[in-house]
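Asker: The structure that follows is given in the form of structure tokens.
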Amino acid sequence: MIGNKRDVVRGLKDVAAAETRISYVDPSGRLYYMGYDIDDLIGKVVYSEVAFLLVHKRLPNQEELDAFNTDLIENMRLPSDVVECIRRAPKESHPMDMLRTEVSRLGLYDPEALDISPEACLKKAVKLIAQVPTIVATIHRTKQGKEVLEPRSDLSLAENFLYMFKGTVPNSDEADVIHRIMILHADHGFNASTFAARVTASTNADMYSAVTTAIGTLRGPIHGGASQKVMEMLDDIGLEDEVEEYIYGILGEGKKIMGFGHRVYRAEDPRAKHLRNIVQNVCNRDRTAGLYEKCMLIEGIVHQRKNIYPNLDFYAAVAMDALGIPKEYYTPFFASSRIVGWVAHVIEQYEDAVLLRPLSNYIGEFGRPFVPIERR
Ligand code: COA
């Protein structure tokens, strides 16, 4: 037999593909950003502070944070051609498909797109952290036939995002919620989209290519696309007393409940705990209360039957609903926060300077007799 057989680790489960300092997903139910436990950050820092931490590998002082925030706001404006292309996109396009396309287009308008030097990468990181949320807000406003808004210098990046998306300046509760949601989505080890971004970066391709790869990967329903599916399920269920039958029905068919289970955590996802708290304590709407009750029932049944916990996407769906974000924008909001993790990992991958290129075990045939086309 030709070729060597190696053990295949299906789904790369439990395989460490590289070293990283950016975040650590502790299976026992903790998440660290650059060594800080998210339990110690949440409610105490703003989103751009976490963005600074992940990109610059340390927390900023107040002066540095103010300068970073100003830099981000100044970079939020999009090239006019990108806005025009959003206007001309087919009306039925999903916002994630539009986001993937427009992030790719951004690269065409950056004269330093192909420069992967550390200085150029930092500039591109700021642009992407600032412009991905603007693209998402522009898609929404355009689809609604509403005016596309300019960022305001008196708001932080996260608040500007919500303002430019909805058209109203967030009140203090809404501002608190959007900061928390974006912080909780900022990074998460070698998840599928981050790994995909790092594979692209490992070829020394530019940051726009790497982020476009990541967005395509995040879109899938068993990764970032799960939150939209969670809300579709919650809407589908109708009344609270239908929960049991509905969930047993899905499990009985051997299907998965969206927003549950995790590749790494063997205990509760710490982000789910914070999002549950947000939904319970901070968000205050009639619909949220009803959704929360349904979520608690689902959580109980799924844990009892499958011994698994809700992940980030389960309560993120309800928290975003409470902010008035339509469900097809949950994954774009995820991308607008995870952009921080992606660019930080892309920079780290350039520093590591190694091509990510595994092997496969070939299980096809050898020595098939070739037949010319006219005799096939
Ligand atoms: N609903 C019901 N059962 C689930 C489940 C879910 N959401 N997630 C995992 N399981 C079960 C599997 O059926 C399997 O059971 P079995 O051993 O009896 O066959 C077991 O748990 C292990 O699941 P597996 O799919 O092999 O784990 P994984 O590590 O490959 O997958 C996910 C992890 C996240 C892809 C998976 O849990 C999933 O698809 N969840 C739903 C989508 C989702 O919420 N994604 C967002 C992730 S942050």
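The values are calculated or read from the model by the stated rules, or taken from the named source; none is laboratory data. On a predicted model such as this, the values are computed, not experimentally measured, just so you know. Ideal geometry is used to build each Cβ from the backbone, glycine not excepted, and the neighbour counts take in all protein chains shown.
Asker: Name the residues in the stretch 4-33 that are surrounded by 14 or more Cβ atoms within 10 Å (Cβ to Cβ) and either more than 18 Å from the chain's Cα centre (by Cα) or assigned to a strand (DSSP E or B) (or both), would you?
Answerer: Passing the criteria: Leu12, Ala18, Thr20, Ser23, Tyr24, Val25, Asp26, Gly29, Arg30, Leu31, Tyr32, Tyr33.
Asker: Quick one: Lys5 ticks every box in (1) over 30 Å from Asn361 (Cβ atoms); (2) outside the structural domain of Tyr208 (by TED's automatic domain parsing) bar one, so which box is it?
Answerer: The number of the failed condition is (1).
Asker: Are any of the residues in the stretch 50-71 over 25 Å from Val354 (Cα atoms), hydrophobic (A, V, I, L, M, F, W, C), touching a helix residue (DSSP H, G or I) at 6+ places or on another chain (Cβ under 9 Å) and outside the structural domain of Asp187 (by TED's automatic domain parsing)?
Answerer: No: the stretch 50-71 contains no residue that is over 25 Å from Val354 (Cα atoms), hydrophobic (A, V, I, L, M, F, W, C), touching a helix residue (DSSP H, G or I) at 6+ places or on another chain (Cβ under 9 Å) and outside the structural domain of Asp187 (by TED's automatic domain parsing).
Asker: Output yes when any residue across the stretch 256-266 is within 13 Å of the ligand (Cβ to nearest atom) and either more than 22 Å from the chain's Cα centre (by Cα) or assigned to a helix (DSSP H, G or I) (or both), and no when none is.
Answerer: Scanning the stretch 256-266 turns up no residue that is within 13 Å of the ligand (Cβ to nearest atom) and either more than 22 Å from the chain's Cα centre (by Cα) or assigned to a helix (DSSP H, G or I) (or both).
Asker: State whether the residues of the stretch 349-366 include one that is more than 12 Å from the ligand (Cβ to nearest atom), assigned to a helix (DSSP H, G or I), of a type in the set (Ser, Thr, Tyr) and within 26 Å of Ile183 (Cβ to Cβ).
Answerer: yes
Asker: Also, I was wondering about something else. Does Ala89 satisfy the criteria of being closer than 23 Å to Tyr330 by Cβ and buried (at least 21 other Cβ atoms within 10 Å of the Cβ)?
Answerer: No.
Asker: I need every pair where a residue in the stretch 296-315 that is assigned by TED's automatic domain parsing to the domain that holds Lys255 has its Cβ under 6 Å from the Cβ of a residue that is within 11 Å of the ligand (Cβ to nearest atom) and of a type in the set (Asp, Glu), sequence separation at least 6 or different chains.
Answerer: Pairs that qualify, where the first residue is assigned by TED's automatic domain parsing to the domain that holds Lys255 and the partner is within 11 Å of the ligand (Cβ to nearest atom) and of a type in the set (Asp, Glu), are Asn311/Asp269; Leu312/Asp269.
Asker: Within the stretch 74-90, can one find any residue that is free of Cβ contacts under 8 Å to residues at least 12 places away in the same chain, away from the ligand (no atom under 16 Å from the Cβ), over 19 Å from the mean Cα position of the chain (by Cα) and in a strand (DSSP E or B)?
Answerer: Within the stretch 74-90, not a single residue is free of Cβ contacts under 8 Å to residues at least 12 places away in the same chain, away from the ligand (no atom under 16 Å from the Cβ), over 19 Å from the mean Cα position of the chain (by Cα) and in a strand (DSSP E or B).
Asker: Another question about this same structure. Restricting to helices (runs of 4 or more DSSP H) lying wholly in the stretch 268-337: which have 3 or more residues that are within 14 Å of the ligand (Cβ to nearest atom) and surrounded by fewer than 17 Cβ atoms within 10 Å (Cβ to Cβ)?
Answerer: Correct list: 286-306.
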